[in-house]
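Presented below is the structure to which this report refers.
The values are calculated or read from the model by the stated rules, or taken from the named source; none is laboratory data. Please read all numbers here as calculations on a predicted model, not as lab measurements. Virtual Cβ from ideal backbone geometry, glycine too; neighbours counted across all protein chains shown. Surface areas here come from the heavy atoms of the whole protein model, side chains and all, with no ligands, DNA or RNA. Shrake-Rupley method; radii C 1.70, N 1.55, O 1.52, S 1.80 Å.
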Amino acid sequence: MKVEKRIQKEVPGLGEKIRRARKVDKRPLIELAALAGMSTPNWYAIENEEMKTLPLATLRKVEAVLGVTFGVEFNEDEDEEEQE
């Protein structure tokens, strides 16, 4: 039996924060994307906030590659939000 809990959090401007951190990094996008295990179009989709939902694991990979944290945390007490 599986039990699943999904929590979503709105993070305004996250794509732009990722873009700014990437530009400060100076490494080519193709290198950063490869290190994060994704394609460059996928990275651009994240920066442009074209993705409806960004998996937390993907955000953590981006943070690790860029050596930054964007402060996105979840508390156990937060209410579940409906998936659209």
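Exactly one residue among Thr53, Thr40 is touching a helix residue (DSSP H, G or I) at 6+ places or on another chain (Cβ under 9 Å) and either among the hydroxyl-bearing types (Ser, Thr, Tyr) or in contact (Cβ under 8 Å) with a residue 40 or more places away in the chain (or both), and that residue is Thr40. Of the residues making up the stretch 27-39, just one is under 15 Å from Leu59 (Cβ atoms) and either open to solvent by 70 Å² or more (accessible area, probe 1.4 Å) or modelled with pLDDT under 90 (or both), namely Leu35. Of everything in the stretch 1-26 that is open to solvent by less than 80 Å² (accessible area, probe 1.4 Å) and part of a loop (DSSP other than H, G, I, E, B), the residue that is modelled with the lowest pLDDT is Ile7. Evaluation of Thr53 against the conditions (1) modelled with pLDDT under 95; (2) β-branched (Val, Ile, Thr); (3) surrounded by 12 or more Cβ atoms within 10 Å (Cβ to Cβ) shows that the sole unmet condition is (3).
The set of residues from the stretch 59-83 being at pLDDT 95 or above, in a loop (DSSP other than H, G, I, E, B) and among the small types (Gly, Ala, Ser) comprises just one member, Gly67.
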